[in-house]
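Trainee: Pasting a structure here, questions to come.
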Amino acid sequence: MTENCLVRFSGVSYTYPEAAAPAIADIDLKIASGEWIAVLGCNGSGKSTLAKHLNALLIPTQGDCFVNEFNTRGEDGKRSARRAVSMVFQNPENQIIAAVVEEDVAFGPENLGLSPEEIRARVSWALDVSGLGKMARKPVYALSGGQKQRLAVAGAIAQKPPCLVMDEATTMLDPRGRQDLMEVLSTLHSGGMTLVSITHRLEEILRCDRCIVLSGGRISWNGTPRELFLLGEELAMWGLEVPGMVKVWRELVQKGLLEAKIPPLMGEMVEALCR
Amino acid sequence: MSIDVKGLVHVYHPGTPLETKALDGVSFKAEKGSWVAVVGHTGSGKSTLAQHLNGLLLPTEGSVSVDGIEVRQGEGSLRKVRQKVGLVFQYPEQQLFEETVFKEVSFGPRNWGIPADTLKDRVEEALGLVGIGSDLYEANPFRLSGGQKRRVAIASVLSSGPDYLVLDEPTAGLDSPGRRQLLDLLSNLKALGRGIIHITHDMELALGLADMILVLDEGRSSLWGRPDIILGELIERDVRGLVIPDMVRFAGRLRDLGFEVPLTWEPPVLAEAIYRSQGR
Ligand SMILES: Nc1ncnc2c1ncn2[C@@H]1O[C@H](COP(=O)(O)OP(=O)(O)OP(=O)(O)O)[C@@H](O)[C@H]1O
Ligand SMILES: Nc1ncnc2c1ncn2[C@@H]1O[C@H](COP(=O)(O)OP(=O)(O)O)[C@@H](O)[C@H]1O
Ligand SMILES: [Mg+2]
Ligand SMILES: [Mg+2]
């Protein structure tokens, strides 16, 4: 396991300066290379704080965080973490750097020291898959809220990082844009990229390999999305709400119309009901 | 009593290479005591529209009026309109500026001259309504988690007690209890006679809660009607950026296969209908 372990948290706690209590506490977590993991939990449960340890934006106040087996406390570790992990933040304003869309997307690839042709190719690919193809020359201040969020995503994927962390980065996308982005993420995942999705919308975790639930800064649960959907009162306790389709699925299972082994997916449910 | 938008056009940076017509002849009416949902693709003009409703932007053409007061420069129109219409921005960071949560939420009522002895109650009530406890009153709003910031931004508009609330994607970033709490709160405010104008990408929410839905497409009001009518239109034709809710698609497929189920977006209703239909 260790050789393909991209991120390893060992007893990590983090307390913000002047804060009374830790925002995350006693986190032990391994993320394998190529895994797609979802981080769930209420507002303030510590999701963003945990995420910021992955690229050494925060260093544990207790315990250690390793990226590619480098401790993020050391200079090597910080460098390794920043190269391996790209973050898309909750608020795109916090990470848009340049004044013009395409320049902003080029910023990451330029920092990687790629050739001008490669930079151009990456920028145009990233803008395209993010649905900003026609806006390359637009100034950033003239973008709508959702367009800014798309730009933040484009900037991160243009770096083709080994690991991409999306911290509630789809909140402002229209439904079609959200679907398109899920496709893009799936493709990147198939290509071997490690993905960490932080979201309140559980329909977005259907394709994840594994999810963890944070509550009060601690990991309360760890398992597959399907296992999560089968839980009872715990879900409400953690402030999680399953998607509408999953609710229908659960009711049909309870009424004895569907077997629990049929997954809560539209195609499978229709097929089972017609049998 | 209503907000009346007629033939509203908004052009950003007119006469420059950046000229953008963000709104192109939008008309609709948001009455007191009703809930209007505004939906549409990324960049369709929703936030631009929102900023017209309380006079942060002024029409390039057309008009906006609030309870008969036209939104324009002069004669104190903007001050009156801003007291009537509260706007919660798309990103809380666009709105927050004070050093503490308490000061942030006091700003509005203080600005409108609410006497000091009732100010504290108002602020505490507003923060209570969004689930922010007294432990965070002295916190710096910029150091809160994303969802906590969103709650404070909403409270800072509620505390002024506006007649109309314009909320630009207010559920984004809220956890599920927070989202329910907010929606219940908005329903209560509506029942108390306030007008709710709710910008959202969540079609199920719009269909389930709104009295009227406005669909924007490239700055034009492409659809305006009751939720059932809008749903019918969505099923009939492709609307840029929007998708038919999963559950409605599911119900549609079952209908095609002979199940007698309604096109609903309510899980228990659909489950029950499938059960009955299957039983026959
Ligand atoms: N300050 C500005 N200067 C120039 N153009 C702008 C400005 N703000 C918005 N626009 C443009 O106006 C159009 C409408 O933008 P608006 O922010 O109203 O969209 P929106 O419907 O709120 O989108 P989203 O769902 O992404 O928030 C878009 O084409 C956008 O690029
Ligand atoms: N910059 C900061 N300074 C102090 N406290 C913070 C800061 N950012 C977050 N917190 C606090 O840490 C806790 C966890 O926050 P966060 O990780 O942002 O939660 P989540 O992302 O799950 O909503 C919350 O109690 C929040 O108020
Ligand atoms: Mg967060
Ligand atoms: Mg907007």
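Trainee: Among the strands (runs of 3 or more DSSP E) contained in segment A:1-108, which hold 1 or more residues that are more than 30 Å from residue A:201 (Cβ to Cβ)? Even if it seems obvious, please write down each step before you answer.
Mentor: Working: elements: A:5-14, A:24-32, A:36-40, A:62-67, A:85-88.
Those strands (runs of 3 or more DSSP E) span A:5-14, A:62-67.
Trainee: Output the residues belonging to segment B:146-173 that are within 16 Å of ligand 1 (Cβ to nearest atom), aliphatic (A, V, I, L, M) and within 26 Å of residue B:67 (Cβ to Cβ). Steps first, please.
Mentor: Of the residues in segment B:146-173, the ones within 16 Å of ligand 1 (Cβ to nearest atom) are B:150, B:153, B:166-173.
Retained after the next criterion (residues that are aliphatic (A, V, I, L, M)): B:153, B:166-167, B:172.
Correct list: B:153, B:166, B:167.
Trainee: Output the residues belonging to segment B:254-272 that are at pLDDT 90 or above and either more than 10 Å from chain A (Cβ to nearest Cβ) or touching a strand residue (DSSP E or B) at 6+ places or on another chain (Cβ under 7 Å) (or both).
Mentor: Across segment B:254-272, the qualifying residues are B:255, B:260, B:261, B:262.
Trainee: Restricting attention to segment B:149-156, does a residue exist that is away from every other protein chain (no Cβ under 14 Å), within 17 Å of residue B:35 (Cβ to Cβ), crowded, with 24+ Cβ neighbours inside 10 Å and away from ligand 4 (no atom under 16 Å from the Cβ)?
Mentor: Within segment B:149-156 (the criterion being away from every other protein chain (no Cβ under 14 Å), within 17 Å of residue B:35 (Cβ to Cβ), crowded, with 24+ Cβ neighbours inside 10 Å and away from ligand 4 (no atom under 16 Å from the Cβ)), the answer is no, since none of the residues qualifies.
Trainee: Also, quick follow-up: Would you tally the residues in segment B:78-118 being away from ligand 3 (no atom under 16 Å from the Cβ) and in contact with a Gly (Cβ under 7 Å, 6 or more places away or on another chain)? Reasoning before the result, please.
Mentor: Quick first cut of segment B:78-118, residues away from ligand 3 (no atom under 16 Å from the Cβ) only: B:78-90, B:94-95, B:97-118.
From what is left, the residues that are in contact with a Gly (Cβ under 7 Å, 6 or more places away or on another chain) are B:78, B:81-82, B:90.
Residues that pass the stated criteria total 4.
Trainee: Determine which member of the set B:58, B:8 is more than 16 Å from ligand 3 (Cβ to nearest atom) and without any contact (Cβ under 8 Å) to a residue 40 or more places away in the chain. Show your work before the answer.
Mentor: Working: B:8 fails: without any contact (Cβ under 8 Å) to a residue 40 or more places away in the chain.
Selected residue: B:58, the only one of B:58, B:8 that is more than 16 Å from ligand 3 (Cβ to nearest atom) and without any contact (Cβ under 8 Å) to a residue 40 or more places away in the chain.
Trainee: Does residue A:34 satisfy being modelled with pLDDT of 95 or more, more than 9 Å from chain B (Cβ to nearest Cβ) and within 14 Å of the chain's Cα centre (by Cα)? Break it down into steps so the answer makes sense when it comes.
Mentor: On the way: modelled with pLDDT of 95 or more: yes; more than 9 Å from chain B (Cβ to nearest Cβ): yes; within 14 Å of the chain's Cα centre (by Cα): yes.
Spelling it out, residue A:34 is indeed modelled with pLDDT of 95 or more, more than 9 Å from chain B (Cβ to nearest Cβ) and within 14 Å of the chain's Cα centre (by Cα).
Trainee: Something else now. For segment B:33-62, what are the residues that are surrounded by 17 or more Cβ atoms within 10 Å (Cβ to Cβ), more than 16 Å from ligand 4 (Cβ to nearest atom) and in a loop (DSSP other than H, G, I, E, B)?
Mentor: B:34, B:55, B:59
Trainee: Name the pairs whose Cβ atoms lie under 6 Å apart, with the first residue in segment B:180-200 and at pLDDT below 90, the second within 16 Å of ligand 1 (Cβ to nearest atom), and 6 or more positions between them or separate chains?
Mentor: Filtered contacts from segment B:180-200: no entries.
Yes or no, residue by residue, for (1) more than 14 Å from ligand 1 (Cβ to nearest atom); (2) more than 11 Å from chain A (Cβ to nearest Cβ):
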residue	(1), (2)
B:10	no, yes
B:23	no, yes
B:37	no, yes
B:48	no, no
B:51	no, yes
B:60	no, yes
B:65	yes, yes
B:70	yes, yes
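Trainee: If you go through segment A:41-93 one residue at a time, how many are among the hydrophobic types (A, V, I, L, M, F, W, C), touching a Cys at 6+ places or on another chain (Cβ under 6 Å) and buried (at least 22 other Cβ atoms within 10 Å of the Cβ)? Break it down stepwise before answering.
Mentor: Restricting attention to segment A:41-93, the residues satisfying the condition of being among the hydrophobic types (A, V, I, L, M, F, W, C) are A:42, A:50-51, A:54, A:56-59, A:65-67, A:70, A:81, A:84-85, A:87-89.
Filter once more, so that each one left must be touching a Cys at 6+ places or on another chain (Cβ under 6 Å): A:84-85.
Next, only the ones that are buried (at least 22 other Cβ atoms within 10 Å of the Cβ) stay: A:85.
Of the residues in segment A:41-93, 1 are among the hydrophobic types (A, V, I, L, M, F, W, C), touching a Cys at 6+ places or on another chain (Cβ under 6 Å) and buried (at least 22 other Cβ atoms within 10 Å of the Cβ).
Trainee: Then there's this: Can you tell me which residue in segment B:175-189 is farthest from residue A:215 (Cα to Cα), limited to those that are open to solvent by 10 Å² or more (accessible area, probe 1.4 Å) and within 16 Å of ligand 3 (Cβ to nearest atom)?
Mentor: B:179
Trainee: Every residue in segment B:157-185 that is away from chain A (no Cβ under 11 Å) and acidic (Asp, Glu), please.
Mentor: Within segment B:157-185, B:163, B:184 qualify.
Trainee: Between B:269, B:239, B:215, which is touching a residue at least 12 places away in the same chain (Cβ under 8 Å), more than 24 Å from residue B:165 (Cβ to Cβ) and of a type in the set (A, V, I, L, M, F, W, C)?
Mentor: Residue meeting the stated conditions: B:239.
Results for (1) within 21 Å of residue A:39 (Cβ to Cβ); (2) in contact (Cβ under 8 Å) with a residue 40 or more places away in the chain; (3) at the interface with chain B (Cβ under 9 Å from one of its Cβ atoms); (4) not polar (S, T, N, Q), shown as yes or no for each residue.
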| site | (1), (2), (3), (4) |
| --- | --- |
| A:189 | yes, yes, no, yes |
| A:205 | yes, yes, no, yes |
| A:214 | yes, yes, no, yes |
| A:227 | yes, no, no, yes |
| A:230 | yes, no, no, yes |
| A:254 | no, no, yes, no |
| A:273 | no, no, yes, yes |
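Trainee: Follow-up question, since we're still on this one. Of all residues in segment A:160-176, which are in a loop (DSSP other than H, G, I, E, B) and either on the phi > 0 side of the Ramachandran plot or within 16 Å of ligand 1 (Cβ to nearest atom) (or both)? Before you say what the answer is, go through the steps one by one.
Mentor: Of the residues in segment A:160-176, the ones in a loop (DSSP other than H, G, I, E, B) are A:160-162, A:168-174.
Correct list: A:160, A:168, A:169, A:170, A:171, A:172, A:173, A:174.
Trainee: Residues B:135, B:121: which one is over 23 Å from residue A:200 (Cα atoms), part of a helix (DSSP H, G or I) and within 14 Å of another protein chain (Cβ to nearest Cβ)?
Mentor: On the way: B:121 fails: within 14 Å of another protein chain (Cβ to nearest Cβ).
None of the others qualify; the one that does is B:135.
The values are calculated or read from the model by the stated rules, or taken from the named source; none is laboratory data. Note that the coordinates shown come from a computational prediction; the quantities given were computed from them, not determined experimentally. Don't worry about glycine lacking a Cβ; one is built from the backbone with ideal geometry, like all the others, and counts go over all protein chains shown. Side chains included, ligands, DNA and RNA excluded: accessible areas come from the protein's heavy atoms. Shrake-Rupley method; radii C 1.70, N 1.55, O 1.52, S 1.80 Å.
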